[in-house]
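The values are calculated or read from the model by the stated rules, or taken from the named source; none is laboratory data. The shown structure was predicted, so the numbers you read here are calculated from the model rather than taken from an experiment. Using ideal geometry, Cβ is built from the backbone for each residue, glycine included, and neighbour counts are taken over all protein chains shown. Please note that ligands, DNA and RNA were not included when accessible areas were found on the heavy atoms of the full protein model with its side chains. Shrake-Rupley method; radii C 1.70, N 1.55, O 1.52, S 1.80 Å.
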Amino acid sequence: MKKIASLLSVCALALGLAACGSDDASPNTEDKKELKIGATTGPYADMVKEAIKPGLEDLGYKIEIVEFTDYIQPNKSLGNNSIDANLFQHKVYMDNFAKENDLKLSDLIIVPTAPMGIYSNKYNSLKEVEDGTSLAVPNDPVNLARALKVLVDEGLIEVDPNVDPLKVSEKDVTKNPKNIQLKPLESAQLPRATDSVDLSAVPGNFALAAKMDLKDALVLEKMPDMYRNVVAVNTKDVDAQFAKDIKSVVESDQFEKVIDDKFAGFGKPDWMD
């Protein structure tokens, strides 16, 4: 009986070690060769397909592009590991979303981004702007701040220099010599608003989704890098090999060539200059 008990103990120990071994053999991100990359339908899904996917495939990866139609699920899916990376947002949005949803997300690299533009069916130049001109602007704080910065850069308004540039709003306008009337709207409505207002400040992704030509804008924003879109990953994966390979593909000459050929008007980040 003692021999049997001893034998059972050895077997139990062996099984325990085998179980531990099986945990150690679980898939490691360092060896990951099948990636799911999320992007919003439109230019950024196209950017993944045409400028990023081919380079990763050359490195031996199998890539699945997961398209989203909203700005919530791409980060939710990244946070629960349904996808491995996403491309649709700038760092300001990513940081705020991660904080509010208790996620640990990191920006991997900034990519060329379609800038906000001021469009008009009435004016051919901002120099023609008349007193009382109506201007449709995004109603969300981040994009409203971007629209107001365009107006400041063009000398049409002035804002309180002490206000946080990420939180500037209509109430912070200190000078408005043309008495421009701001009309806050959902961003998706801004392309159509060009038919009902004098000017419309349209974020680049919504302009492209509405088949607008970025080069038709009266002015395109001088976009700071903090408003350019990023490839995002879970923070735990920042140093994974697949993350390093995504970054290397975006930094390649071939990536920039595709951007120049197929994404005219997209503003390049500082690192590409």
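Out of these labelled values of mean projected area of the Cα convex hull in nm², [x] 20.0; [y] 18.8; [z] 13.4, which was calculated from the coordinates shown here? This structure yields the entry labelled [y].
Ignoring aspartates and glutamates fewer than eight residues from Lys149 along the same chain, the ones with Cα atoms less than 18 angstrom from its Cα are Asp140, Glu158, Asp160, Asp164, Glu170, Asp172, Glu221, Asp225. What percent do you get for the relative contact order of the chain when only Cα pairs under 8 Å and 6+ apart count? Once divided by the residue count of the chain, the mean separation gives 28 percent. Dipole check for the chain: with +1 at the C-beta of Lys and Arg, -1 at the C-beta of Asp and Glu, and the Cα centre as origin, the magnitude is about 700 Debye.
The tail of the calculated P(r) for segment 225-273 beyond 16 Å holds 48 percent of all Cα-Cα pairs. For the chain, the share of DSSP beta bridges that are antiparallel, to the nearest 5, is 50%.
Put a dot 7 Å past the Cα of Asp261, heading toward its Cβ, do the same for Lys49, and the two dots end up 1.6 nm apart. The residues neighbouring Ile157, those whose beta-carbon lies less than 14 Å from its own, together hold a net charge of -2 under the Lys/Arg +1, Asp/Glu -1 convention.
In terms of distances greater than 28 angstrom between alpha carbons, the cross-link table entries Lys104/Lys167; Lys171/Lys215; Lys104/Lys211; Lys211/Lys236 yield Lys171/Lys215; Lys104/Lys211; Lys211/Lys236. Here the accessible area is traced with a 1.4 Å probe on the protein chains. For the chain, carbon and sulfur cover 51 percent of it. Note that segment 76-212 presents 48 Å² accessible area per residue, ligands and nucleic acids not counted, probe 1.4 Å. Where the centre of each part is set by its Cα atoms, how far does segment 68-138 sit from segment 259-273, in angstrom? Result: 17 Å between the Cα centres. Rounded to the nearest whole Hz, the Karplus-based 3J(HN,Hα) values (6.51 cos²θ - 1.76 cosθ + 1.60, θ = phi - 60°) of segment 186-200 follow the sequence 4, 4, 5, 8, 5, x, 5, 5, 4, 7, 10, 10, 6, 9, 9, with x at glycine and proline.
Pairs with C-alpha atoms separated by more than 23 Å, drawn from the list Lys99/Lys262; Lys122/Lys178; Lys175/Lys268, are Lys99/Lys262; Lys175/Lys268. When only the Cβ of Lys, Arg, Asp and Glu is charged (+1, +1, -1, -1), the dipole of segment 84-136 relative to its Cα centre reaches about 100 debye. The alpha-carbon atoms of segment 147-273 define a convex hull whose volume equals 156 cubic angstrom per residue. Near the amide H of Leu218, within less than 5 Å, lie the amide hydrogens of Ile118, Tyr119, Ser120, all on another chain or at least 5 residues away, with H placed in the peptide plane.
Extension gain for Met272 to Asn162 (0.36 nm times residue separation, less C-alpha to C-alpha distance): 36.5 nm. In order along segment 52-68, the phi-based Karplus estimate (6.51 cos²θ - 1.76 cosθ + 1.60, θ = phi - 60°) of 3J(HN,Hα) comes to 10, 4, x, x, 5, 5, 5, 8, x, 8, 9, 10, 10, 9, 10, 9, 10 Hz; Gly and Pro are listed as x. Listed by chain and number, the aspartates and glutamates whose C-alpha is less than 12 Å from the C-alpha of Lys49, apart from same-chain residues fewer than 8 away, are Glu57, Glu64, Glu67. Here segment 86-115 is scanned for amide nitrogen atoms under 13 Å from the site 7 Å beyond the Cα of Tyr71 along Cα-to-Cβ, giving 88-98. Accessible surface of Glu256, taken over heavy atoms with a 1.4 Å probe and every protein chain present, rounds to 50 Å².
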